[in-house]
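Notes follow once the structure below has been shown.
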Amino acid sequence: MSKDYYEVLGVNKSSSKEEIKKSFHKMAHKYHPDKNKGDDTKFKEINEAYQVLSDDKKRSSYDQFGSADGPQGFGGQGYGGQGQGFGGFSNGGMEFDMGDLGDIFGDFFGGGMGRKQNSRRGRDIQTEIDLSFEDSVFGVKRTVKINKQSVCKTCSGNGAKSGSKMDTCKVCNGNGQIREVKHSILGNFASVKTCENCFGSGKIPSVKCTDCNGAGVKKQDEEININIPAGINSGEMIRMNGLGEAIRGGAAGDLYIKMKIKKHPVFTRDGLNLDMDLSIKLTDALLGMTYKLKTLEGDILDVKIPEGINHNELLRVRGKGVPSSKGRGDIILRIQVIMPSKLSRNTKDLIEKLKQEGI
């Protein structure tokens, strides 16, 4: 046995696969050539050890014969040869598995080397709807019509004419994916991307759908039902998963609906409370009065304005504000006392008498 792979990775023969993987990741980060104190030779060595010990069959062969390929040694098609390696990237005869190293290389290449790069997803879209003040407070169900890329209704998204068969894609040989190799100073990086001919399905229609021309998706109007919750604010967004633009061979994007709420002639929102200014005459402020308050539901409430109330004083009507899961807010009345701009002679005489009485 020329190398002790367990010693290279700092583990022992009884270590689990998870322990081996954890140790490998730690050391790979430490010795990566792009690091300040990286070591290219050490990096290749620990990767070589991991490719053997992470594979049950190769590990068993290594433990028994000192070789991942059995008694014949490590030549030919093993990890050290120039033939069919582990399918990742090669550098000086070494093959690196991009599946296991994806998270490591992501640190140095912006996270683009892992398996997630092959996922396909439709475009997110956004629309805006107008809401009345009342609907924003109590919630409402709405239907919006959006023109977007949607699954073709004629072929249900497979791109085939009704009754026609699906053939194996000749570009990817039915795999749905195509392997590409890119060259860099560290060696050759192999990546797998979705086949653009069959959109990852491995099949293509023998006769294309005439409605979408085989694309499986087309631009069309779609009606979408929306449940707008009570208490939503202007500018807030509702996200509807999977209702964005569709894409063949991948998941649809999301739909974002922005709320634009119209102003109310009387009320404004303050959290769960509804605020309003109530203008009253000076005499009503002095003597008190009963005010007929119309709520958002249309109910009429009698609100007692006490005598001697001050300008900008607040009165609270409980339980008639914005509903929520925690209860309902209140209506807050801000008193605005209107001072008379002109006084008659008699009024002035009365005020003088009040003044003399110290009022």
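Observations, loosely collected:
- Applying the criterion of being acidic (D, E) and in a loop (DSSP other than H, G, I, E, B) to the residues of segment 279-328, the residue that is nearest to the chain's Cα centre (by Cα) is E297.
- Considering residues of segment 255-278 that are in contact (Cβ under 8 Å) with a residue 60 or more places away in the chain and assigned to a loop (DSSP other than H, G, I, E, B) only, the residue farthest from N241 (Cα to Cα): F267
- Looking across segment 25-38, the residues that are more than 32 Å from the chain's Cα centre (by Cα) and either of a type in the set (A, V, I, L, M, F, W, C) or part of a helix (DSSP H, G or I) (or both) come down to M27, K30, Y31.
- Residues of segment 180-189 include none that is under 29 Å from the mean Cα position of the chain (by Cα) and assigned by TED's automatic domain parsing to the domain that holds D135.
- Residue in segment 329-359 that is surrounded by the most Cβ atoms within 10 Å (Cβ to Cβ), counting only those that are over 60 Å from the mean Cα position of the chain (by Cα) and of a type in the set (S, T, N, Q): T347
- Residues satisfying the criterion are present in segment 231-247 (criterion: crowded, with 19+ Cβ neighbours inside 10 Å, acidic (D, E) and part of a loop (DSSP other than H, G, I, E, B)).
- Any hit, segment 304-324, residues being among the small types (G, A, S) and touching a His at 6+ places or on another chain (Cβ under 9 Å): no
- Only one of the numbered conditions (1) of a type outside the set (V, I, T); (2) at pLDDT below 90; (3) exposed (fewer than 14 other Cβ atoms within 10 Å of the Cβ) is violated by L186, and that is (3).
- Selection status of D221, over 30 Å from P205 (Cα atoms) and either assigned to a loop (DSSP other than H, G, I, E, B) or among the acidic types (D, E) (or both): no
- Long-range neighbours under 6 Å by Cβ, at least six apart or interchain, first residue surrounded by fewer than 14 Cβ atoms within 10 Å (Cβ to Cβ) within segment 294-309, second not in a strand (DSSP E or B): P306/G288; E307/L287; E307/G288
- Looking only at segment 258-305, residues that are polar (S, T, N, Q) and touching a Leu at 6+ places or on another chain (Cβ under 7 Å) come to 1 in all.
- Scan of segment 159-175 for residues that are surrounded by 19 or more Cβ atoms within 10 Å (Cβ to Cβ) and not in a strand (DSSP E or B), ordered by number: G159, C169, C172
The values are calculated or read from the model by the stated rules, or taken from the named source; none is laboratory data. Not measured: the values here are computed from a predicted model. Glycine also receives a Cβ, built like all others from the backbone with ideal geometry; neighbour counts cover every protein chain displayed.
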